[in-house]
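Let me begin by presenting the structure, written as structure tokens, before commenting on it.
Here, each number is a calculation from the coordinates, and none is a lab measurement. Because the structure is a prediction, the values reported are computed rather than measured. Glycine also receives a Cβ, built like all others from the backbone with ideal geometry; neighbour counts cover every protein chain displayed.
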């Protein structure tokens with residue numbers, strides 16, 4: 001699977017997304033628009049999905065723009081091999 005789209009599914013949160021991420025290790029694109037996740041799910045996706053290139057978190061009201069910016073900066077500083085483009 002290259003792309004997973006869970007657009008607008010409000011029942012999706014950290015508790016039920018994080019375990020599922022471990023089953024989708026080949027994902028390159030993760031569309032989480034309008035879900036009920038936090039930055040915790042974003043971090044977990046970055047750690048467990050080695051091929052991930054883009055993650056769309058528009059309308060994820062529990063993910064703040066400042067958190068995404070901070071996370072991206074930390075990824076660059078730590079020299080992460082695959083930079084993830086956040087759409088927020």
Per the rule of 0.36 nm per residue minus the C-alpha distance, extending residue 28 to residue 61 adds in nm 9.6 nm
CD proxy, 222 nm, the chain: helix-only mean residue ellipticity via -39,500 (n - 2.57) per DSSP H run with n ≥ 4, per residue, nearest 500, stands at -10500 deg cm²/dmol
Quick calc: nm separation of the 7 Å Cα→Cβ label points for residue 18 and residue 43 -> 0.9
Output ordering of 33-45, 58-70, 2-14 (per-residue mean of other Cβ within 10 Å, highest first) is 33-45, 58-70, 2-14
Given a Förster distance of 25 Å, the FRET efficiency implied by the Cβ-Cβ spacing of residue 74 and residue 9, rounded to the nearest 0.05, works out to 0.35
For the chain, shape from the Cα gyration tensor axes a ≥ b ≥ c, cut at a/c of 1.5 then a/b versus b/c, turns out oblate
